[in-house]
Amino acid sequence: MRQMAYRPQFFMMIVGKIVRIGLLFFFFQAVFLKVDRIGHWTYYEVLLLFATFHIVDYLMSVTFHRNLAFHLPQLIQTGELDTRMIMPLNLLFLLSFEMIDFIDLLSFLPSLGFLAYVLCRLQFAFSWIHALAYVLLLVNALLFLFGIVLIIATISFWTTQSFGLARIFDNLLKIGRYPLDIFEGVLRTVFVYFLPLVLIAQIPSQVLLATLSLKSMLYAFSITGVFLFVAISFWKMGLKNYLSAST
Amino acid sequence: MLPNRNLKATPAHVDGMSITPIVKFWCVFKLVWIERMVYRLNFFLEILSGIISSLIVVFLWLAIYRSAGSGLIGGYSVKEMVTYLLGAGLINTFILTTAENPETSQSIQDGTLSTMLIKPISPYGIWFMRDLGSKAFLFLLGLLGYMCVFFFFRDYVLPPSSPGYFLLFLLSMILAAILQFLLFEVLSLLAFWLENTFGIRFTMRVIMEVVGGAIIPVSFFPEILQDIFMLLPFPYLIYLPMRIYLGKISIGQVPLELLTAGVWIMGLVILNVMTWKKGIRHYVAMGD
């Protein structure tokens, strides 16, 4: 029932996101009217990257993103987290997936349709193994993002407000929709190792296009593991710091 | 300014001195600056994230120019493009997207509008001045932050094409700031009927960014889309000011374009007045 209360607002956000996908599609079309590739990425390859990014971004925003990034800091601030702590469920699980509106999943269909369109147009050797790896890497991307979002949300145990940081993160995240190997020097190192945004769309797309080495794939899984481990340890530390204000 | 149905704008008296509307609005303007300084950290992060996003877009375009091999893409040289993107980023982040008039919506929803209605200043005037104040504040500080970026890309950033164009550019930016306020304000006023206007404003912002030319000059789009986009008010927000700055529009054509922006402003003022008048009758002062 709680989801119902938020529906109209959230539904419009989804509409906004779909409109953005449409408009950014025009953006890439506009760019490719003038050039035939970005780095070594052709038009449809860039679109695949773009569709992949939006699928991950979408799945994140209908599941844990708003719960952790917006709802959790509020619960901490008001002390309402108490009532969640006494529930007979894993706390982190409950907090991450408290509000999921399955109606939102309907608006997921256009993104999938877009991906299907791109895949039909792309000329590449399809294989089931690569498709399976693609799906696994999408899950991997979501877990990686979960780790980062959790770290940012956990900061609010100390600051009671991590809105500014969440905003920076949202902005940085958008970089993931571009092919990151076109960057050179420091930026490239940052996006591969320190803030590995390549995990979100580039690595899954590359595996589908069969241009990814097994080593990079293993790297993707292990770095997610590291991020998750750090995030969960940090979360436990934050929880010990919970002051249960106003109760 | 919109008429306030219940109150005539009578000058208030403090210590025997009458306070003119200009002084009142100036106070509101100043208050926003003071408020903004309270949340310095968030504010600093906001500037930082704006700068990061435009840096990325510039790097993306540098890569596109590198792989294109030719010096000119869509009539823009690499320097013009970098200047366009940085200018557009500056306008977009600090004038257009930081103030989306959430206050109007919020005060209608939680009923704080009631207390505003009994103040000797029109709520609409307060919102307008707060919006302008916050835009001016963010823009000036954003500009300071951007100085580093301009320095970093000093080999690419072009000066305005002439002093005359620069003045027209400033004028077009002021018109853009007012136009943006009116566009979002009318959506915020929908809070009289809807429980939340956040989603609508978000959608509008997305459209504004793309159609307004924040990520790419409008002339890059296929012709049919360009024709549609130019019929909308959005290109006057970013595309027009940046074209004036770069001198990519003949000086004789500028007044006509600015006039069109003015017509949009007038039209939106009328729409705002109508929405406000209808809405205030519908207002139930929830939560009070």
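Observations on the model:
- Residue within the stretch A:65-74 that is in a helix (DSSP H, G or I), of a type in the set (S, T, N, Q) and open to solvent by less than 40 Å² (accessible area, probe 1.4 Å) present: yes
Residues are listed down the side, and each one gets a yes or a no for (1) on the phi > 0 side of the Ramachandran plot; (2) aromatic (Phe, Trp, Tyr); (3) in a loop (DSSP other than H, G, I, E, B):
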| position | (1), (2), (3) |
| --- | --- |
| A:Ala153 | no, no, no |
| A:Ser156 | no, no, no |
| A:Ala166 | no, no, no |
| A:Phe169 | no, yes, no |
| A:Thr189 | no, no, no |
| A:Tyr219 | no, yes, no |
| A:Ser233 | no, no, no |
| A:Met237 | no, no, no |
| A:Tyr242 | no, yes, yes |
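- Qualifying residue in the stretch B:152-164 (condition: in contact (Cβ under 8 Å) with a residue 60 or more places away in the chain, in contact with a helix residue (DSSP H, G or I) (Cβ under 7 Å, 6 or more places away or on another chain) and open to solvent by less than 10 Å² (accessible area, probe 1.4 Å)): yes
- Hits in the stretch B:265-279 (condition: open to solvent by less than 30 Å² (accessible area, probe 1.4 Å) and closer than 20 Å to B:Ala177 by Cα): B:Ile265, B:Leu268, B:Asn272
- From A:Thr154, A:Thr159, A:Thr189, residue being over 21 Å from A:Leu142 (Cβ atoms) and either crowded, with 22+ Cβ neighbours inside 10 Å or at pLDDT 80 or above (or both): A:Thr189
- Among the numbered conditions (1) at pLDDT below 90; (2) more than 14 Å from every other protein chain (Cβ to nearest Cβ); (3) not in a loop (DSSP other than H, G, I, E, B), the only one that B:Leu268 does not meet is (1).
- Of all residues assigned to the stretch B:139-147, at least one qualifies as being at pLDDT 80 or above, in contact with a helix residue (DSSP H, G or I) (Cβ under 7 Å, 6 or more places away or on another chain) and more than 26 Å from B:Val254 (Cβ to Cβ).
- Any hit, the stretch A:89-112, residues being more than 12 Å from chain B (Cβ to nearest Cβ), modelled with pLDDT of 80 or more and open to solvent by 70 Å² or more (accessible area, probe 1.4 Å): yes
- Residues that are out of contact with any Gly (no Cβ under 9 Å at 6 or more places or on another chain) and either more than 17 Å from B:Tyr165 (Cα to Cα) or aliphatic (A, V, I, L, M) (or both), drawn from the stretch B:233-253: B:Ile244, B:Ile249
- Residue that is nearest to A:Ala166 (Cα to Cα), among those in the stretch A:41-56 that are in contact (Cβ under 8 Å) with a residue 24 or more places away in the chain and open to solvent by 20 Å² or more (accessible area, probe 1.4 Å): A:Glu45
- Of the residues making up the stretch A:167-196, those that are closer than 18 Å to A:Val230 by Cβ and facing chain B (nearest Cβ under 10 Å) number 2.
- Among the residues of the stretch B:197-246, the ones that are of a type in the set (A, V, I, L, M) and not in a loop (DSSP other than H, G, I, E, B) come to 16 in all.
- Residue in the stretch A:192-212 that is open to solvent by less than 10 Å² (accessible area, probe 1.4 Å), at pLDDT below 80 and not in a helix (DSSP H, G or I) present: no
- Top-ranked residue of the stretch B:209-247 - restricted to ones that are more than 21 Å from the chain's Cα centre (by Cα) and over 17 Å from B:Gly75 (Cβ atoms), ranked as farthest from the other protein chains (Cβ to nearest Cβ): B:Asp227
- Test: A:Leu81 is over 13 Å from the mean Cα position of the chain (by Cα), more than 14 Å from chain B (Cβ to nearest Cβ) and open to solvent by less than 10 Å² (accessible area, probe 1.4 Å): yes
- Residue match in the stretch B:84-96 (condition: within 13 Å of another protein chain (Cβ to nearest Cβ), of a type in the set (Val, Ile, Thr), closer than 30 Å to B:Arg154 by Cβ and touching a Gly at 6+ places or on another chain (Cβ under 6 Å)): yes
- Residues of the stretch A:21-40 that turn out to be assigned to a helix (DSSP H, G or I), open to solvent by less than 40 Å² (accessible area, probe 1.4 Å) and free of Cβ contacts under 8 Å to residues at least 24 places away in the same chain, as a count: 7
- Residue within the stretch B:44-67 that is modelled with pLDDT under 75, at the interface with another protein chain (Cβ under 10 Å from one of its Cβ atoms) and out of contact with any Leu (no Cβ under 6 Å at 6 or more places or on another chain) present: yes
- Selection count, the stretch B:188-203, where residues are buried (at least 20 other Cβ atoms within 10 Å of the Cβ) and either more than 8 Å from chain A (Cβ to nearest Cβ) or touching a strand residue (DSSP E or B) at 6+ places or on another chain (Cβ under 6 Å) (or both): 6
- Taking the conditions (1) open to solvent by less than 60 Å² (accessible area, probe 1.4 Å); (2) in contact with a Phe, Trp or Tyr (Cβ under 7 Å, 6 or more places away or on another chain) in turn, A:Asn241 satisfies each one other than (1).
- Taking the stretch B:247-264 as the range and being part of a loop (DSSP other than H, G, I, E, B) and either among the small types (Gly, Ala, Ser) or open to solvent by 30 Å² or more (accessible area, probe 1.4 Å) (or both) as the test, the residues that pass are B:Gly247, B:Lys248, B:Ser250, B:Ile251, B:Gly252, B:Gln253.
The values are calculated or read from the model by the stated rules, or taken from the named source; none is laboratory data. Everything numeric here is computed off the predicted structure, so don't read it as measured data. FYI the Cβ positions are ideal-geometry reconstructions off the backbone, even for glycines, and counts take in every protein chain you see. Just so you know, the surface numbers come from the protein's heavy atoms only, side chains and all, with ligands and any DNA or RNA stripped out. Shrake-Rupley method; radii C 1.70, N 1.55, O 1.52, S 1.80 Å.
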